[in-house]
């Protein structure tokens, strides 16, 4: 982790904690007091994004915006959804409806598209995966 660019709280405006397991990648003995304080400040500021909601729902934020800059001339890639059974399709729609209701995802008309995948877990439930 490079701490040279982390000089003030303005580096990540409006955001609050890096998960503790991430911080264990760097020994505190390797940090100057200023770097240790910067890391602690960032962790506190990002904490609300990493912590689960009291009701167990996923969280979304409007505090920051992410943009992917593409190489000029890049053409969109659109892949069709893989065939899935009606039973699995029902689970897929239930999970998508829940994510829509929580505000975690939203409908998109983007020319870019990757298929959704439902991976069956050991306990018989499904995990929704997307690239």
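Tally time: how many residues in region 97-126 are outside any loop (DSSP other than H, G, I, E, B), at pLDDT 90 or above and under 23 Å from residue 54 (Cβ atoms)?
Residues that pass the stated criteria total 1.
Got a number for residues in region 71-84 being surrounded by 10 or more Cβ atoms within 10 Å (Cβ to Cβ) and assigned to a loop (DSSP other than H, G, I, E, B)?
3
When you scan region 82-109, how many residues do you find that are in contact with a strand residue (DSSP E or B) (Cβ under 9 Å, 6 or more places away or on another chain) and more than 15 Å from residue 127 (Cα to Cα)?
Total satisfying the criteria: 1.
The values are calculated or read from the model by the stated rules, or taken from the named source; none is laboratory data. Here the structure is a predicted model, which is why all the values come from computation and not from measurement. Methodologically, a virtual Cβ is constructed for each residue, glycine included, from the backbone with ideal geometry; neighbour enumeration extends over all protein chains shown.
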